[in-house]
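Okay, so here's the structure we're looking at.
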2 protein chains.
Amino acid sequence: MRYIYKSDMHEMTLENTRFYQYYQGKGVLNKESFLDLQPLYTFKKIPENTYLLRAGEKSQHIYFVEKGLLVSTTLNEKGSENVIHFASEDWFVAERNSLFDDQPSSVYIKTIEPSTIVYIDKEFPRKASEISESFGCFNDQMLQKNILVQERRIQSLLSMSAKERYLLFLKTYPNIPLRVPQWMIASYLGVTPESLSRIRKEIAYSE
Amino acid sequence: MRYIYKSDMHEMTLENTRFYQYYQGKGVLNKESFLDLQPLYTFKKIPENTYLLRAGEKSQHIYFVEKGLLVSTTLNEKGSENVIHFASEDWFVAERNSLFDDQPSSVYIKTIEPSTIVYIDKEFPRKASEISESFGCFNDQMLQKNILVQERRIQSLLSMSAKERYLLFLKTYPNIPLRVPQWMIASYLGVTPESLSRIRKEIAYSE
DNA sequence: CGCGTGATTGAAACCCTTCAAGTTTAGTGG
DNA sequence: CCACTAAACTTGAAGGGTTTCAATCACGCG
């Protein structure tokens with residue numbers, strides 16, 4: 001575990017951030033809007049392997065991955081960890097239980113790499129909708145897309161073997177496996193680390 | 001298959017519908033708004049076992065179940081059917097692929113019982129947001145809730161045995177099993193009909 | 001009554017897990 | 001720089017849960 005990340009945030013101008021480009025590029029928020037909303041978001045550098053949120057806590061933020069990699073996990077009744085999803089650059093992570101029902105979080109969110117995370121206040125979407133016509137609509141589409149992605153994952157869990165799910169994962173998220181320990185991928189796929197190891201061996205032979 | 005459902009829609013006043021009560025009860029749309037939006041929704045009686053949408057078609061509507069039961073399914077690569085979800089009274093069903101990317105649908109949606117379905121034009125949410133302050137926010141929360149439900153299902157598929165998933169299903173949707181053929185529940189749970197039969201036998205013995 | 005669909009039951013095969021033992025790898029301190 | 005250690009990954013053998021295929025049973029409907 002390396003803590004080489006020192007703050008060099010002063011070198012980063014708003015226009016250079018992925019966060020800005022993400023919304024600005026889609027014509028959803030212009031620079032003026034960003035400046036108006038500035039009280040509602042903060043960039044933070046977070047070292048590797050650090051929790052942004054633990055189960056039981058209440059989340060006050062939505063997280064945007066400016067740089068690095070997050071994983072959200074839960075503990076199941078058997079006490080083992082399940083990977084809910086990964087989030088790399090340009091992805092949002094939110095704990096919806098906590099944000100919208102004011103329930104304690106059921107998930108853990110932590111960094112896998114040294115990361116730069118935008119902490120977005122939960123009021124951000126509402127305020128942004130007031131400022132920008134198109135923000136509400138855009139946000140809506142993001143949620144819809146999220147639902148679609150989950151639907152596909154459910155379908156893969158319903159109908160595919162572990163090997164097929166792994167191959168689909170590689171195809172869908174080709175950059176994630178290089179950055180994530182294998183046992184986390186196994187957990188994401190719903191198999192044991194041993195099984196994934198054997199699956200990889202099998203694939204290697206067949207090529 | 002029975003086609004006993006003849007149109008007696010004239011007996012149904014808007015105020016008596018679940019659709020109206022659903023939004024009105026939450027203070028999201030008042031009667032006036034409903035009347036304004038009338039061009040954007042239609043009540044239809046649909047016989048049992050009838051497709052509202054087939055894979056490959058483009059969906060123009062969101063469906064609200066006024067009465068009855070819908071199931072949405074996909075065909076996987078192996079040619080067998082997977083149950084994505086059920087929808088009974090007060091539930092919405094939407095094919096998001098089709099509605100928001102204008103892609104052909106990847107799912108089938110059909111009635112399991114004789115049903116009354118509200119065909120809601122895809123423009124309804126946008127127009128309703130313009131009319132009602134709170135609609136957009138409410139709609140947003142619905143999507144969030146949807147994501148949460150799916151997240152729980154993913155977790156159950158990752159960490160639970162077939163038996164545990166079945167018991168959870170019974171607990172979560174106690175009225176569905178009475179109205180749905182067993183093989184569809186098996187498909188929803190990601191097991192074969194034979195396995196579900198054995199699981200039920202086992203549960204019956206242990207009581 | 002007979003047909004078809006859905007549900008059940010059995011036996012064999014298969015996929016995946018479990019547990020236990022190695023091997024590799026990366027980070028640590030001498 | 002090398003040896004040490006812990007964690008991750010690999011490999012093997014045994015066992016369990018689920019599937020597959022086939023046969024049988026139950027039921028509603030023409």
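All told, A:Arg126 meets the bar of being of a type in the set (D, E, K, R) and either touching a Phe, Trp or Tyr at 6+ places or on another chain (Cβ under 8 Å) or assigned by TED's automatic domain parsing to the domain that holds A:Phe92 (or both).
Table: residues versus (1) over 30 Å from A:Leu75 (Cβ atoms); (2) part of a helix (DSSP H, G or I); (3) more than 9 Å from chain A (Cβ to nearest Cβ).
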residue: B:Ser98; (1), (2), (3): yes, yes, yes
residue: B:Ile109; (1), (2), (3): yes, no, yes
residue: B:Ile120; (1), (2), (3): yes, no, yes
residue: B:Ser134; (1), (2), (3): yes, yes, yes
residue: B:Leu158; (1), (2), (3): no, yes, no
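Rundown of residues vs (1) within 16 Å of DNA strand D (Cβ to nearest atom); (2) under 21 Å from A:Leu157 (Cα atoms); (3) without any contact (Cβ under 8 Å) to a residue 40 or more places away in the chain, yes/no style:
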position: B:Ser159; (1), (2), (3): yes, yes, yes
position: B:Asn175; (1), (2), (3): no, no, no
position: B:Arg179; (1), (2), (3): yes, no, no
position: B:Leu196; (1), (2), (3): yes, yes, yes
position: B:Ala204; (1), (2), (3): yes, no, yes
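Under 24 Å from B:Asn139 (Cα atoms) and either surrounded by 15 or more Cβ atoms within 10 Å (Cβ to Cβ) or away from DNA strand C (no atom under 15 Å from the Cβ) (or both), is that true of A:Glu113? Show your work before the answer.
On the way: under 24 Å from B:Asn139 (Cα atoms): no; either surrounded by 15 or more Cβ atoms within 10 Å (Cβ to Cβ) or away from DNA strand C (no atom under 15 Å from the Cβ) (or both): yes.
It is false that A:Glu113 is under 24 Å from B:Asn139 (Cα atoms) and either surrounded by 15 or more Cβ atoms within 10 Å (Cβ to Cβ) or away from DNA strand C (no atom under 15 Å from the Cβ) (or both).
Apart from one condition, B:Tyr63 fits all of (1) in contact with a helix residue (DSSP H, G or I) (Cβ under 6 Å, 6 or more places away or on another chain); (2) more than 8 Å from chain A (Cβ to nearest Cβ); the exception is (1).
In the range B:179-207, the qualifying residues are those that are more than 14 Å from chain A (Cβ to nearest Cβ), more than 8 Å from DNA strand C (Cβ to nearest atom) and within 14 Å of B:Glu164 (Cβ to Cβ), and the one that is surrounded by the fewest Cβ atoms within 10 Å (Cβ to Cβ) is B:Ser206.
Restricting to the range B:74-86, count the residues that are more than 10 Å from every other protein chain (Cβ to nearest Cβ) and either among the hydrophobic types (A, V, I, L, M, F, W, C) or in a strand (DSSP E or B) (or both). Reasoning before the result, please.
Taking the range B:74-86 as the starting set, the residues that turn out to be more than 10 Å from every other protein chain (Cβ to nearest Cβ) are B:79, B:86.
The next check asks that each one be either among the hydrophobic types (A, V, I, L, M, F, W, C) or in a strand (DSSP E or B) (or both); those that pass are B:86.
Adding up the residues that qualify gives 1.
Could you tell me which of the residues A:Arg153, A:Arg165 is buried (at least 16 other Cβ atoms within 10 Å of the Cβ) and more than 10 Å from chain B (Cβ to nearest Cβ)? Before you say what the answer is, go through the steps one by one.
Numbers: A:Arg153 fails: more than 10 Å from chain B (Cβ to nearest Cβ).
Answer to the selection: A:Arg165.
The values are calculated or read from the model by the stated rules, or taken from the named source; none is laboratory data. All values derive from a computational prediction rather than experimental measurement. Every residue, glycine as well, gets a Cβ built from its backbone with ideal geometry; the counts of neighbours run over all protein chains shown.
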